[in-house]
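The values are calculated or read from the model by the stated rules, or taken from the named source; none is laboratory data. Because the structure is a prediction, the values reported are computed rather than measured. Here the Cβ is made from the backbone with ideal geometry for all residues, glycine too, and neighbour counts use every protein chain on show. To get the accessible areas, we keep the full protein, side chains included, count just its heavy atoms, and leave off ligands, DNA and RNA. Shrake-Rupley method; radii C 1.70, N 1.55, O 1.52, S 1.80 Å.
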Amino acid sequence: MRRRPEEDIIVVTGVGTVNPLALNARDTLQAVKEGRSGVGLYEPLDPNEPLLNSQVKLAAQVKGFDPNPFLTPRDLRRVHRSAALSTVAVAEALQDAGLLTDLSRLVELTEIDKLGSDYRPLDGIEPGRIGIRLGTGIGGSTYIAEVQKIIDQRGDNRVPAIAMQIILADRVEIVPSQKFQLKGPAAVTVSACASSGMAMGDALDKLRARRADVMVSGGVDSAFHPVAYAAFNNMRALSRRNDSADKASTPFDQGAAGFIQGEGAGIVVLERYPDAKARGAKIYAEFADYADTADAFHDTAPSGEGAVRAMRNALAYAYLNPSDIDYINAHGTSTPIGDRKELEGITEVFGDHTARLYISSSKSMIGHILGGAGGVEAVITLKAMEAGIIPPTINLINAISEGMNLVPNKALYRKYNRSMSNTFGFGGHNNSIIFNHPRVMGMFSY
Amino acid sequence: MAVGERVEQSPKIYHTLQKEGMNYTAFSRHYPYRRENAELMLEAMLYLSARFTGVDIGSGNGLAAQLVKGMTEIFLREAVMWCVDPDPYALAQAEKDTPSSDRFKAHWIKGFGQDIEVLLNGQIPEDGVDMVSILGTIHEVPPDDQTSVISAGARILRPRGIVVVNSEFTDIATADNETLWAMPAGRAAMKFGRVTKAEKPGLLQRAPAEYTQMGENAGLVLVYYQVVPVTYPTQALVDINQYSGWVEGVRNSFIFENGQPSLEEFSRELQLSYGRSKPLTRQSVRWIFQKPN
Ligand SMILES: C[S@@+](CC[C@H](N)C(=O)[O-])C[C@H]1O[C@@H](n2cnc3c(N)ncnc32)[C@H](O)[C@@H]1O
């Protein structure tokens with residue numbers, strides 16, 4: 001194997017997550033080791049909330065979420081829950097990367113414009129050189145339905161002045177950008193359930209093109225709203241197994257009957273290796289490469305071909321052979337056609353090596369976090385690879401395919417070098433990303 | 001013939017060959033360069049079947065062969081390639097870095113792109129090969145021979161076979177940051193006394209359309225064309241100045257009143273000078289031509 005020059009290596013130096021299993025990355029890893037389920041019956045955050053859905057009661061919710069001290073109650077008034085989740089996960093990732101050490105420097109959102117341009121809550125980084133690129137599928141758009149209710153019931157002059165700040169998808173990155181003064185390139189990538197993976201790819205490109213020195217990336221979604229539930233349920237995408245909540249998310253099982261909607265955020269901090277080394281930052285992995293493709297095929301059914309191309313192109317860009325990959329964190333949503341197509345695609349790409357791969361779906365534990373799935377799953381993959389753990393596919397009794405190691409029910413303890421994480425989205429978006437363990441950083445096969 | 005000297009003073013090449021310590025190896029490991037070529041090869045894969053044959057002209061340190069080898073693993077295909085370069089140092093390095101596998105075999109052949117029909121006669125399939133690749137090389141072929149290299153490539157193709165070309169040396173390559181590219185070179189040259197700009201640049205930079213025309217004149221159909229920015233980190237700018245071909249091209253762009261520095265001396269100054277540059281972008285132009293039925 002040959003090695004890339006250090007300047008060309010992009011590494012992950014921090015991770016953060018808030019998800020149905022836990023409120024930070026460390027506890028998430030513990031839950032993954034234990035193979036816990038984050039799925040339950042939906043519990044409204046507010047007792048006056050309307051019924052979520054008449055048929056589907058299941059949800060993978062973030063429990064016990066407390067955005068303090070990163071967002072104050074006043075901040076929260078102008079922020080959709082998805083932006084609150086992303087902000088807290090960004091904070092954890094920045095802290096983990098050693099860039100946010102003094103929380104007393106943080107101020108409320110409405111106070112920021114009163115500070116001068118030399119306001120620097122982060123350490124040792126020029127604000128203009130740190131950017132943020134997050135993925136979200138839905139953002140705060142379900143709030144549009146609430147606004148419509150206000151218009152219908154009380155008149156349009158009663159719509160809150162901050163309504164747009166709650167609705168817009170880019171708020172999931174604008175709020176952390178303001179809070180932590182991330183003044184480099186900032187944007188969201190919206191590509192349904194592949195949003196986070198694509199955002200991480202875009203962030204990688206920004207670093208390669210030297211448009212920034214540090215990029216915060218990953219994604220978020222939180223869309224427990226009757227609109228989202230009705231729409232997904234009526235296309236028969238959701239599981240209705242209300243009587244066995246923690247056993248309902250069953251990727252790759254013959255009994256798979258739809259996904260369980262989840263919420264959460266997963267964030268990574270990316271930078272070029274020489275910078276990370278100079279700072280003495282901890283290195284989780286090299287972000288070796290990614291590929292995006294579109295099926296151009298069907299609104300909800302995958303073509304299979306597009307996912308195959310995404311996996312192959314990601315390998316080609318990372319200069320790796322299929323046999324170099326050890327673990328695949330699959331998209332595996334627990335929908336019969338999607339799960340089957342993904343495993344067929346993996347077999348097509350990996351050929352004989354398929355039998356030696358570990359393949360698992362974190363969605364068995366965290367449900368489907370939609371546009372945030374790729375971010376949370378990247379954090380799980382990175383923490384697990386670091387710890388030498390292969391995350392399990394829980395609730396797997398009768399696998400839909402033979403001869404594959406789908407890591408049923410129990411995490412495995414193994415050292416391994418390379419992981420691929422897949423995310424696919426309605427409309428035919430496909431994204432594959434590859435992480436290399438620091439042991440094999442910069443090494444490529446051809 | 002000693003490595004690092006002109007090949008028999010042949011008119012078929014116009015720069016000094018690579019040698020120990022002055023070669024393309026360090027540069028061609030750089031991600032942006034490999035990525036640009038990998039993307040083009042991925043595009044080329046769309047025109048190739050499960051088993052294919054290819055001829056690589058100007059194979060240098062074996063990049064095209066390495067990319068094709070990787071793609072045979074990824075796409076579960078099989079390929080045989082004949083890789084031609086006049087540079088024995090580059091060929092030796094390429095062979096060392098590109099071992100054959102179950103799916104891939106490369107033959108390394110010393111010679112010029114102008115002569116492939118004679119060189120490969122009896123070696124390649126009689127009905128022609130599936131692909132001819134000319135990566136980062138067409139601009140290095142003496143300008144009057146470029147047409148004949150592309151035409152020779154077209155002649156050894158089977159019908160529906162492809163010619164894959166890219167170049168970062170066209171007249172649009174540095175269009176938007178020409179001064180940034182030129183300044184470090186000027187600074188390095190001035191270390192050797194008074195210099196003026198040569199009347200003709202060290203390398204002819206054609207308009208992309210001229211290469212398109214060459215392909216079409218050879219009876220090929222343009223099926224893919226892209227211009228892609230490629231941003232090089234500072235270390236890549238240092239490393240390209242280890243390549244004798246580049247260093248000589250830059251040296252020929254100046255007239256040194258106190259006499260030309262040696263390639264080694266000039267390379268060292270260029271490396272220091274580009275080592276102080278910010279990352280720089282070039283526009284790579286890509287073509288895939290197809291031979292009609
Ligand atoms: C810039 S290098 C590119 C090498 C390789 N294709 C790559 O992309 O890494 C150009 C190569 O073209 C070769 N070359 C120059 N003139 C040539 C000619 N007339 N026929 C074939 N190759 C030639 C040089 O020896 C050199 O190895």
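Observations
- Its Cα centre serving as origin, region A:293-435 has a Cβ charge dipole (Lys and Arg +1, Asp and Glu -1) of approximately 420 debye.
- Taking every protein chain into account, the accessible area of the protein assembly as shown amounts to 37 square angstrom per residue (probe 1.4 Å).
- The length gained by stretching the chain between residue A:409 and residue A:247 to full extension, at 0.36 nm per residue less their Cα-Cα distance, is 57.2 nm.
- Legend: mean number of C-beta atoms from other chains within 10 angstrom of residue C-beta atoms, peptide A:347-353, equals 2.
- Counting DSSP beta bridges with both ends in the protein assembly as shown, the antiparallel % (nearest 5): 55 percent
- Cα-based shape type of region A:146-232, given that a ≥ b ≥ c are square roots of the gyration tensor eigenvalues and the cut on a/c is 1.5: oblate
- Listed residue pairs exceeding 20 Å between alpha carbons, taken from A:247/A:341; A:114/A:183; A:179/A:282; A:179/A:363: A:247/A:341; A:179/A:282; A:179/A:363
- Placing +1 on the Cβ of every Lys and Arg and -1 on the Cβ of every Asp and Glu, with nothing else charged, gives region A:135-186 a dipole about its Cα centre of roughly 160 debye.
- Residue among B:102, B:145, B:87 with the largest mean-square fluctuation in a Gaussian network model of chain B, springs linking Cα atoms under 10 Å: B:102
- Loss of accessible area when B meets A, both sides summed, Å² nearest 100, probe 1.4 Å: 2200 Å²
- Test item: A:390-397 mean partner chain Cβ contacts at 10 Å: 0
- Low-density loop cleavage sites - trypsin sites (Lys or Arg not before Pro) in region B:184-214, where at most 16 other Cβ are within 10 Å (DSSP): B:191, B:194
- Comparing A:378, A:91, A:316 in a Gaussian network model of chain A, where Cα atoms under 10 Å apart are tied by springs, the biggest mean-square fluctuation is seen for A:316.
- Other residues whose C-beta falls under 13 angstrom from the C-beta of residue A:430 contribute a net charge of -1, scoring Lys and Arg +1 and Asp and Glu -1.
- All lysines inside 16 Å of residue B:105 as judged from Cα atoms, apart from same-chain residues fewer than 8 positions distant: B:69, B:96
- Peptide A:4-11 has a mean shielding of 5, counted as Cβ atoms of other protein chains within 10 Å of each residue's Cβ.
- Label point distance in nm, residue A:72-residue A:439, each placed 7 Å from Cα along Cα→Cβ: 4.8 nm
- Here residue A:126 sits with roughly 100 square angstrom of accessible surface, probe radius 1.4 Å.
- Mean Cβ neighbour count within 10 Å, used as a protection proxy, ranking A:297-306, B:67-76 highest first: B:67-76, A:297-306
- Among A:391, B:109, A:427 the positive-end extreme of the charge dipole of the protein assembly as shown (Cβ point charges): A:391
- Length-normalised contact order for chain A - Cα pairs under 8 Å, 6+ apart - percent: 24 percent
- Segments B:146-154, B:129-137 sorted - mean Cβ within 10 Å per residue, highest first: B:129-137, B:146-154
- Charge dipole (Cα centre; +1 on Lys/Arg Cβ, -1 on Asp/Glu Cβ; no other charges) of the protein assembly as shown amounts to roughly 1100 debye.
- Nitroxide proxy distance, nm - points 7 Å out along Cα→Cβ at residue B:180 and residue A:156: 4.7 nm
- Accessible surface of the protein assembly as shown, 1.4 Å probe, proportion on carbon and sulfur as whole %: 50 percent
- Expected-Rg normalisation [2.2 N^0.38 Å, Cα atoms] applied to region A:293-435: 0.95
- Hydrodynamic radius (Kirkwood) for region A:116-263, which is based on Cα pairs only, to one decimal in Å: 17.8 Å
- Environment charge of residue B:46, counting only residues whose C-beta is closer than 15 Å and scoring Lys/Arg +1, Asp/Glu -1: +1
- Largest mean-square fluctuation among A:123, A:113, A:289, in a Gaussian network model of chain A whose springs join Cα atoms under 10 Å apart, belongs to A:113.
- Placing a pseudo-label 7 Å from each Cα along the Cα-to-Cβ vector at residue A:95 and residue B:115 gives an inter-label distance of 6.9 nm.
- Remark on region A:316-344: accessible area falls by at least 30 square angstrom from chain-alone to full-complex state for A:316, A:317, A:319, A:321, A:322, probe 1.4 angstrom.
- Counting Lys and Arg as +1 and Asp and Glu as -1 over every other residue whose Cβ lies under 12 Å from the Cβ of residue A:42, the net charge comes to -1.
- When the inverse distances between all different Cα atoms of chain A are averaged and flipped, the Kirkwood radius reads 21.5 angstrom.
- Antiparallel bridge percentage (DSSP; both residues within chain B; nearest 5): 45 percent
- Fraction of antiparallel bridges per DSSP, region A:293-435 only, in percent to nearest 5: 60 percent
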